1. Could you tell me which numbered condition residue A:118 fails, if it satisfies all but one of (1) within 7 Å of chain B (Cβ to nearest Cβ); (2) under 21 Å from residue B:146 (Cβ atoms); (3) within 28 Å of the chain's Cα centre (by Cα); (4) surrounded by fewer than 19 Cβ atoms within 10 Å (Cβ to Cβ)?
2. Look at the range B:133-174 and say how many of its residues are more than 9 Å from every other protein chain (Cβ to nearest Cβ), buried (at least 24 other Cβ atoms within 10 Å of the Cβ) and assigned to a loop (DSSP other than H, G, I, E, B).
3. In contact with a helix residue (DSSP H, G or I) (Cβ under 6 Å, 6 or more places away or on another chain), under 30 Å from residue A:127 (Cα atoms), in the same structural domain as residue B:195 (by TED's automatic domain parsing) and surrounded by 24 or more Cβ atoms within 10 Å (Cβ to Cβ): which single residue out of B:376, B:371 fits that description?
4. Which condition number does residue B:391 fail, the rest of (1) closer than 30 Å to residue B:436 by Cα; (2) in contact with a helix residue (DSSP H, G or I) (Cβ under 8 Å, 6 or more places away or on another chain); (3) not polar (S, T, N, Q) being met?
5. Between a residue in the range A:102-114 that is within 22 Å of residue A:84 (Cα to Cα) and any residue that is of a type outside the set (Val, Ile, Thr) and in a loop (DSSP other than H, G, I, E, B), which pairs come within a Cβ distance under 7 Å, given they are 6 or more apart or on different chains?
6. Quick check: anything in the range B:352-373 in contact (Cβ under 8 Å) with a residue 40 or more places away in the chain, touching a strand residue (DSSP E or B) at 6+ places or on another chain (Cβ under 7 Å), within 13 Å of chain A (Cβ to nearest Cβ) and within 27 Å of residue B:21 (Cα to Cα)?
7. Among the residues of the range B:378-388, are any more than 11 Å from every other protein chain (Cβ to nearest Cβ), within 26 Å of residue B:83 (Cα to Cα) and not in a loop (DSSP other than H, G, I, E, B)?
8. Among (1) surrounded by fewer than 14 Cβ atoms within 10 Å (Cβ to Cβ); (2) more than 7 Å from chain B (Cβ to nearest Cβ); (3) modelled with pLDDT of 95 or more, which single condition is residue A:108 missing?
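The values are calculated or read from the model by the stated rules, or taken from the named source; none is laboratory data. This is a predicted model, so every value here is computed, not measured. With ideal geometry, Cβ positions are generated from the backbone for all residues, glycine too; neighbour counts draw on all protein chains shown.
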Amino acid sequence: MSTFVYMTRCDGCGHCVDICPSDIMHIDETIRRAKNIEPNFCWECYSCVKACPNHAIDVRGYADFAPMGHSVRVRREEEKGTISWKIKFRNGTVKDFISPITTKPWGKFIPKLADGDKPNQGEMNSQILYSEPQGLNTNEELPKVEKSVFKKGVYY
Amino acid sequence: MARKTIYEECDVLVVGGGMAGTGAAFEARHWGRDLKIICVEKANIDRSGAVAQGLYAINCYMGMQWGENMPEDHVRYARNDLMGLVREDLGYDMARHVDSTVHMFDEWGLPMMKNKEGRYQREGKWQIMIHGESYKPIVAEAAKKSADKIYNRIMITHLLKDESKQNRIGGAVGFNMRTGDYYVFKSKTVIVAAGGASHIFKPRAVGEGMGRTWYAPWSNGSAYALPIAVGAKMTQMENRIVLCRFKDGYGPVGAYFLHLKTYTQNANGENYEKKWYEKTKELVGEYIDHHPTPTCLRNHAFIQEVMAGGGPIHMVTKEAFQDPHLETIGWENFLGMTVGQAVVWASQNIDPKYTNPELTTSEPYVMGSHATCSGAWVSGPEDIAPDDYFWGYNRMMSVEGLFGAGDTVGGSAHKFSSGSFTEGRLAAKAAVKYIQDKKANGIQVSERQYQNLKEVIYKPMENYTVGRNEITGGTVSPSYISPIQGLQRLQKIMDEYVGGITYNYMTNENTLKKRTRVARMVARRS
């Protein structure tokens, strides 16, 4: 597949240009709409399809090996925290799937470390990382083994 | 050329905003409260790196809280899978920290599947299942909250060396993908968290489908190009990874093998792996008897069977897919991380409930976070690394102040997404310590150094700008070649001399020597 853009649905907003990891969604200067300028570097990651507010971007399987007449459509709803897929086979078979994309309101539970407790020098000199050892949920210290073990190799 | 030069100074420069880079940017803030932390990404960190598309499993989780595995178990596993060629200190270190990383992801909102006891649902011994469509945007948010600045759409091309002390890092340079402006980052430390190398070998699909590589097509090998150019010591760069995947879409097989319990067979419906047992044993000895069988040996049997005429090889899915729950997992597994495979099956009317889909072996890749060990030779952690594997700071390369994580670090396979994020955290803490210990004082980077690199970077554009007026049009010029032409030239050399698909992955000393001669010749002039 590679992505393509429907002429009548695209309004040239550029969300796809902003998100494409391969940097291949560009705005055509003449028609002022987005297009895939290098389909052979498209990973079919659907980032642009998901980001398009007008559902103007679709995918047609790669010409090398995918006959036409199929579709895999997606709707990602951040507020609801879900993603819905509809797969249409060339022979008409349809399969629907829906999955969660998050369990929490966006970003709310990600800490702003700059505002948290400052680590002390003892922690700095130790091997622990942020949230450790508590974050390992083991009620124990960070595991450690003797160096000599690695020199020999951990054998069976 | 009227290209601006933008100059910026910082303490910690993270190159690449994928799993390793976001981990580094996040952790650096915890330890370095007053430091200036910058993360530079060539795409947009909300959807960049190998996890841009999402993941349906976290492939590295110990489960120490439930007594499932300990770090040393993972060391044995990874060591066996790589047939002995791993840095056990690095693997152990990653594994002992990885659970805290995964617990954070859970807390941040990543949907983890749970079993009846409330534990993370296992796909296999090391893998846990997630609904990870938004894995990358979630971890990106953590990096954004921590870093002083995230630069999207800036491609770092070279590292800068300090001019006051030998073998010490001084920063990095690159260009803006949108404006073409030149960016200079003078930095006390650099953490290379860039991607491994897709597309250095000729891919199986050569037309429109060329981008449907197993690893992301935007993984362009910066993980290695950057350190190599400043003289960092590397390890196992000859270790190519070849994947057994569903044909054309490269849909992953992990969940199918481990969770759905599907299995492979040759065209005659036989278990071909058994057939190659004796021959493989002659080659590798006892490894063929180990459990689990090293992945490369299973792939070896696949390749031998196809060469012997037993192909096509199929995955037997018809049994498992009769269970609607397993069928859903089978499809969602693709939709969560390799949508292209669902597209291929929809287009070819392959419903695994009624048809056993075909498998293939991919073109080779070079990377260091999946089941391979390519990358930089780095220092281990102080408390467990053997003396000759430790030189001051965890994950520091053989160049002072230059750290690595994820694909960049060699010798520590089976990190996957969670382990790469964890390794970014390890590198970041060490980088902060390096600065705290005043190891980065007095770094000098002259304007001459970065102006020279500017010339190198923009030379192809100049060649093109001048050369295009020499011809009437089209892609054929006597003065320049286009990026795709250069890439295809590389792919042909690698394919034919370094063991690509055309030669059935075979190479030898003589073809490698020939490759070196040919490469020198064709690289000299564009």
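1. (3)
2. Total satisfying the criteria: 1.
3. Details: B:371 fails: surrounded by 24 or more Cβ atoms within 10 Å (Cβ to Cβ).
Unique residue meeting the criteria: B:376.
4. Unmet condition: (2).
5. Between residues of the range A:102-114 that are within 22 Å of residue A:84 (Cα to Cα) and residues that are of a type outside the set (Val, Ile, Thr) and in a loop (DSSP other than H, G, I, E, B), the close pairs are A:102/A:81; A:102/B:109; A:102/B:111; A:102/B:134; A:103/B:109; A:103/B:111; A:104/B:109; A:106/A:78.
6. Checking the range B:352-373: not a single residue is in contact (Cβ under 8 Å) with a residue 40 or more places away in the chain, touching a strand residue (DSSP E or B) at 6+ places or on another chain (Cβ under 7 Å), within 13 Å of chain A (Cβ to nearest Cβ) and within 27 Å of residue B:21 (Cα to Cα).
7. Going residue by residue through the range B:378-388, those that are more than 11 Å from every other protein chain (Cβ to nearest Cβ) are B:378-379.
Applying the additional criterion that residues be within 26 Å of residue B:83 (Cα to Cα) yields B:378-379.
Those still in the list that are not in a loop (DSSP other than H, G, I, E, B) too: none.
Within the range B:378-388, not a single residue is more than 11 Å from every other protein chain (Cβ to nearest Cβ), within 26 Å of residue B:83 (Cα to Cα) and not in a loop (DSSP other than H, G, I, E, B).
8. Among (1) surrounded by fewer than 14 Cβ atoms within 10 Å (Cβ to Cβ); (2) more than 7 Å from chain B (Cβ to nearest Cβ); (3) modelled with pLDDT of 95 or more, residue A:108 violates only (3).
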